[in-house]
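Read through the structure below, which is laid out as structure tokens, and then see the notes.
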Amino acid sequence: MGKAARKKLEAAPALLKLDFGCGPHPREGFAGVDVRPFDGTVTHVVDLAKPAPWPWADGSVGEAHASHFVEHLDQVQRIHFVNELWRVLALGSKCTIIVPHWASCRAYGDLTHQWPPVSEFWFYYLSAPWRTANAPHNDAYTCHFEATWGYALRGDIVSRNVEFQQFALANYKEVAQDLIATLVKVAHP
């Protein structure tokens, strides 16, 4: 590698790793983001629910995490969250989102959770081609993510075979405790 190439690599700023809605315990290796400072444990005190641009530059975030935060946002705030998330993430970067599963009492017990609970179907709306084909009336979204999701299952279900787990997820409440999604920023088609 030549001297100019090394200098250019050294000058490139490292991408941020942000933990949105971290509370007093930011994820290890991530800068904490919360509306409250929590005795100095939060690096960025920001109200992510406000309908304003976030303070990070476009493409400046290499990885993000939001555990038990998104369910505290209302519908309009959730759309703003994913649009801003898409803006600040670098292309190909990911965000892990963990929310209480809609069929678990965890989704309803905390009265600061907003209606409706987050469901698997919401993640389809984060894909621009899916919206174009299936929800062309919904133009509030500007993001484009590839989303995958899975579940944190109850302990007694985890030890069962996959067929039983799938049956239980489809037919019983309280099986899935959390919904865990990975959003990867992709370029608009």
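Computed from the coordinates by the stated procedures, all read-outs in this text should not be read as laboratory data. These figures come from a predicted structure and were not determined experimentally. Cβ coordinates were reconstructed from backbone atoms using ideal geometry, including for glycine residues, and neighbour counts include every protein chain displayed.
Phi-derived couplings, Karplus 6.51 cos²θ - 1.76 cosθ + 1.60 at θ = phi - 60°, listed residue by residue for region 181-187: 10, 10, 9, 10, 6, 10, 6 Hz, with x used for Gly and Pro. Any idea how far the Cα center of region 11-48 sits from the one of region 112-185, in Å? Cα centroid to Cα centroid, the span is 25 Å. Stokes-Einstein diffusion of region 99-155 at 25 °C, 0.890 mPa s viscosity, Kirkwood radius from Cα pairs, rounded to a whole number: 187 µm²/s. Of the options (1) 1.14; (2) 1.02; (3) 0.95, only one is Cα Rg over 2.2 N^0.38 Å as computed from these coordinates, and that is (1).
Maximal additional length on extending the Tyr172-Leu111 stretch stands at 19.6 nm, based on 0.36 nm per residue less the C-alpha distance.
Take each peptide in 33-39, 141-147, count the other Cβ atoms within 10 Å of every residue, and average; sorted highest first, the result is 141-147, 33-39. Between Ile98, Ile157, Ile79, the GNM of the chain built on Cα springs shorter than 10 angstrom shows Ile157 fluctuating the most.
For region 15-185, what is the charge dipole size about the Cα centre, in debye to the nearest 20, if Lys and Arg each add +1 at the Cβ and Asp and Glu each add -1 at the Cβ? Write down the numbers at each step before the final one.
Numbers: 13 positive and 18 negative charges, 34 e Å.
It comes to approximately 160 debye.
Normalising the average separation of contacting C-alpha pairs (under 8 angstrom, six or more residues apart) by the number of residues puts the relative contact order of the chain at 19 percent.
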